[in-house]
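Below you'll find the structure, written out as structure tokens, and then a few comments.
The values are calculated or read from the model by the stated rules, or taken from the named source; none is laboratory data. Owing to the predicted nature of the structure, the values given are computational and were not obtained by experimental measurement. Here Cβ is always computed from backbone atoms with ideal geometry, including for glycine, and neighbour counts include all displayed protein chains.
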Amino acid sequence: MSESTIRSAIKNALDTVSNAGATHDYQRWSADWQAFLDLFKTTVGSTDQIRGWTIAGGPVEVDDAVEEFGGRYLRGYGYTIRGYLGVDDSAATEKTFAGLVEDVMDALDADATLHGSTYYDTSWARCDVQELRIFGDVLCHYAEVRVTTWEWQS
């Protein structure tokens, strides 16, 4: 397996979530507001809104506590999956977003590639941050879901 395979597995898991919005397999940014909207604007039902997910991360340092075993070592891959949803108080989007975050975590936890026999261990998805943030002129729900995967290297 490789970093790109793990990243693809995360994106594929995100794509299984109903009404997740736009999903990107890397961190997307733009200083231009219209370009940002083009990346994250989604129509759910008949409502246009900012709704989407990005994946950031990659190989992380091998833990010093992990010793070589049979000429192999463990390499960790840490990812932060960032979610965005425009706030609409009258539509109770906080509850919608909380449900989306849970659905994303469930999809990551259920993914056969991430939790298959190829990897030594993949941590269960956890949400470290869930708050409101301003993007451009729009108040958005924002979350960070984290997952770490360990793979034997030779």
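If you go through the stretch 43-61 and keep only what is surrounded by fewer than 17 Cβ atoms within 10 Å (Cβ to Cβ) and modelled with pLDDT under 95, you end up with Thr43, Val44, Gly45, Ser46, Thr47, Asp48, Gly58, Pro59, Val60, Glu61. Does Asp15 satisfy the condition of being at pLDDT 95 or above, within 12 Å of the chain's Cα centre (by Cα), loosely packed, with under 14 Cβ neighbours inside 10 Å and not aliphatic (A, V, I, L, M)? For Asp15, the condition - at pLDDT 95 or above, within 12 Å of the chain's Cα centre (by Cα), loosely packed, with under 14 Cβ neighbours inside 10 Å and not aliphatic (A, V, I, L, M) - is met.
Scanning the stretch 99-124 for residues that are within 17 Å of Thr23 (Cα to Cα), surrounded by 16 or more Cβ atoms within 10 Å (Cβ to Cβ) and free of Cβ contacts under 8 Å to residues at least 40 places away in the same chain returns no hits. If you take the residues in the stretch 119-147 that are polar (S, T, N, Q) and at pLDDT below 90, which one is nearest to Ser4 (Cα to Cα)? It comes out as Thr122.
Residue count for the stretch 18-36 satisfying the condition of being over 18 Å from the mean Cα position of the chain (by Cα) and of a type in the set (D, E, K, R): 1.
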